Amino acid sequence: MTSAVFEIITKSESVVLDKQERIKYKGKVNLSLTAEGQWNTLSGCLPSMTCLKFTTDETVKRLCWVMVGVILFDDINTLLGQPATFWQHPETADEFNRLTHFFISHGWAWYCVYELFYIGGAFFLARILPRRLGLVILLALILGHFDGGSSWLAHRWHFGTQGMVIYGIILAVILVLSAFPQRSKSNEKIDSV
């Protein structure tokens, strides 16, 4: 088998490659060449596009878990708040959201599978999108599911407005601790100088 040699010319330099030699192309994608001169991307992306990368932002990471907790709180209340007839006749489900109602009216198992995909998709989107857009999605879902969970507290469990307020205070504390963690003493001294 003959060894094919290819030349890549970038804006800054020219690189000569042997067959299947790996390079880092413009700092974004690992590439290799086949004997036919075709590019194989080792990371699964095309050379002209950047790969999907999970965010390294600690605030987004922490808020993702807050989002999961708030959605689960809403989901658990949704299941526990169903009328007694629901467990034998799921079509009697009590749910305001039309999409969620479609799944829960087919039974609790369908609802749980739907919610797993929903939570997984939301978590994935928030982690791969740019920071600001990820934060928008996180806060929208946290606030939306806060409304869902607090409405169950107020109306189904009869805690009234007090239940909503207490849940709001607990969530606000968790949000502040997650989004704005306490700095170490050494960092505070550096900032004050």
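Considering segment 129-140 alone, what residues qualify as being over 24 Å from Val165 (Cα atoms) and either over 10 Å from the mean Cα position of the chain (by Cα) or surrounded by fewer than 16 Cβ atoms within 10 Å (Cβ to Cβ) (or both)? Walk me through it before giving the result.
Keep residues of segment 129-140 that are over 24 Å from Val165 (Cα atoms), which gives 129-134.
Correct list: Pro130, Arg131, Arg132, Leu133.
Leu143 versus (1) over 30 Å from Gln88 (Cα atoms); (2) surrounded by fewer than 17 Cβ atoms within 10 Å (Cβ to Cβ); (3) in contact with a helix residue (DSSP H, G or I) (Cβ under 6 Å, 6 or more places away or on another chain): which is the lone unmet condition?
Unmet condition: (3).
So Ala126 passes all but one of these: (1) small (Gly, Ala, Ser); (2) exposed (fewer than 15 other Cβ atoms within 10 Å of the Cβ); (3) in contact (Cβ under 8 Å) with a residue 40 or more places away in the chain. Which condition number does it fail?
Evaluating Ala126 over (1) small (Gly, Ala, Ser); (2) exposed (fewer than 15 other Cβ atoms within 10 Å of the Cβ); (3) in contact (Cβ under 8 Å) with a residue 40 or more places away in the chain leaves (2) as the failure.
Which members of segment 160-174 meet the condition of being over 12 Å from Phe146 (Cα atoms) and either in contact (Cβ under 8 Å) with a residue 40 or more places away in the chain or touching a Lys or Arg at 6+ places or on another chain (Cβ under 7 Å) (or both)?
Within segment 160-174, Ile174 is the sole residue that qualifies.
Of these, Leu80, Leu138, Leu143, which one is of a type in the set (A, V, I, L, M), more than 28 Å from Val60 (Cα to Cα) and at pLDDT 95 or above?
Numbers: Leu138 fails: more than 28 Å from Val60 (Cα to Cα); Leu143 fails: more than 28 Å from Val60 (Cα to Cα).
Answer to the selection: Leu80.
The values are calculated or read from the model by the stated rules, or taken from the named source; none is laboratory data. The structure displayed is predicted, hence computed values, not measured ones. Cβ atoms come from the backbone with ideal geometry, glycine included; neighbour counts cover every protein chain shown.
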